[in-house]
Amino acid sequence: GLFAFHQNIHRDLNVEIPAQSMINKKLYEIPTYGIAVFHQSTLDNFIWNGLSLTAGVRFDYEHAENDYNSHNIKDGNINPAEAFDLKLNFRQVTPKFTIQYTSDNFQNMYASVTRGYKAGGFNTSFDKDKKEDRTFDPEYSWNYEVGTKLNFLDHRITADLALFYIDWKNQQVFQPIESGKGRKLKNAGKSASTGIEASI
């Protein structure tokens with residue numbers, strides 16, 4: 001398969017500062033584009049009947065830019081405040097593996113391991129002296145799941161049970177910026193999610 005996208009964010013923000021009788025005007029141009037190619041194959045009746053093995057892989061490339069310009073307007077005068085033009089490039093390969101057994105009466109058990117990924121990007125809120133907060137890094141995860149899908153009474157009753165564990169690195173988390181004037185995305189060092197889902 002093939003996936004591609006293009007997105008352009010244009011943001012024009014005016015911040016009034018009454019104490020200084022001034023307006024701070026911020027202009028953002030953030031074009032982003034990306035492309036991904038992926039493939040998945042399943043080998044049926046692997047070792048014995050009903051057992052299947054699925055393997056997949058995906059390659060992502062993403063490019064983002066942030067053309068930022070800020071100036072102050074006071075008493076009809078326009079004074080440049082801050083400007084920069086940043087570029088980010090991200091590349092990532094994410095694999096997926098699933099093993100599944102389906103019996104003759106369609107009872108099903110499975111286990112899967114998947115690599116997760118979310119590209120980094122730009123913050124549009126940051127303090128002027130915190131250059132490191134202009135951008136945030138990608139987040140990564142390993143996702144583990146085991147489960148079963150069962151049926152009873154000639155398919156009149158179905159039951160699903162799944163247990164999952166997600167191991168995150170650099171998870172993107174919203175935090176207030178130090179000045180209190182907005183929020184930023186920042187990478188958490190490590191986090192995890194564990195859960196059970198059941199239905200009948």
Given the protein chains as shown and a 1.4 Å probe, how many square angstrom of ARG11 are accessible, to the nearest 10? 100 Å²
Tell me the accessible surface of GLU62 in square angstrom (1.4 angstrom probe, heavy atoms of protein chains only), to the nearest ten. 40 Å²
FRET efficiency for SER179 and TYR61 from the Cβ-Cβ distance with R0 = 45 Å, rounded to 0.05, comes out at 0.80
With all protein chains modelled, accessible area of LEU161 [1.4 Å, Å²]: 80 Å²
Once the in-chain neighbours fewer than 8 apart are removed, the aspartates and glutamates whose Cα is under 14 Å from LYS128 read GLU82, GLU178
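In Å², and per residue, what accessible area does the chain have when probed at 1.4 Å with the other protein chains present?
Working: 12850 Å² over 200 residues.
For the chain, the per-residue accessible area is 64 Å².
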Square roots of five times the Cα gyration tensor eigenvalues for region 160-200, Å: 33, 12, 5
Please turn the phi angles of region 162-177 into ³J(HN,Hα) values with the Karplus equation 6.51 cos²θ - 1.76 cosθ + 1.60 (θ = phi - 60°), one per residue in order, whole Hz, x for glycine and proline. 9, 10, 9, 9, 10, 9, 9, 10, 6, 4, 7, 10, 6, 9, x, 6
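How would ASP160, ASP67, ASP75, ASP60 rank on accessible area, largest to smallest, probe 1.4 Å?
Working: ASP160 60, ASP67 80, ASP75 130, ASP60 30 Å².
From most exposed to least exposed: ASP75, ASP67, ASP160, ASP60.
So how many Å³ per residue does the convex hull of the Cα atoms of region 14-98 work out to?
On the way: hull volume 9.9 nm³, N = 85.
Each residue corresponds to 116 Å³ of Cα convex hull volume.
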Under 27 Å from LYS131, Cα to Cα: lysines that are on another chain or at least 8 residues apart: LYS25, LYS26, LYS74, LYS87, LYS118, LYS169, LYS181, LYS184, LYS186, LYS190
In bins 10 Å wide, starting from 0, what share of all Cα pairs of region 1-61 does each bin hold, as a percent? 17, 21, 17, 15, 13, 9, 6, 2
Quantify, in whole percent, the carbon and sulfur part of the accessible surface of region 57-200 (1.4 Å probe; protein heavy atoms only). 54 percent
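Can you list the equivalent-ellipsoid semi-axes of the chain, largest first and in whole Å, using the square root of 5 times each Cα gyration tensor eigenvalue?
Working: eigenvalues 485, 73, 38 Å².
Semi-axes (√(5λ), whole Å): 49, 19, 14.
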Collect residues whose amide H, placed 1.01 Å from N in the peptide plane, falls under 5 Å from the amide H of ALA81; neighbours closer than 5 in sequence don't count. SER70, HIS71, ASN72
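Please give the net charge around VAL173, taking every other residue with its beta carbon less than 11 angstrom from that of VAL173, where Lys and Arg add +1 and Asp and Glu add -1.
Values: positive: ARG183, LYS184, LYS186; negative: GLU139.
Residues near VAL173 contribute +2 overall.
The values are calculated or read from the model by the stated rules, or taken from the named source; none is laboratory data. All figures in this text were calculated on a predicted structure; none of them were measured in a lab. Note that each Cβ is placed from the backbone with ideal geometry, even for glycine, and that neighbours are counted across all protein chains shown. These area figures cover heavy atoms from the full protein model, side chains too; ligands, DNA and RNA do not enter into them. Shrake-Rupley method; radii C 1.70, N 1.55, O 1.52, S 1.80 Å.
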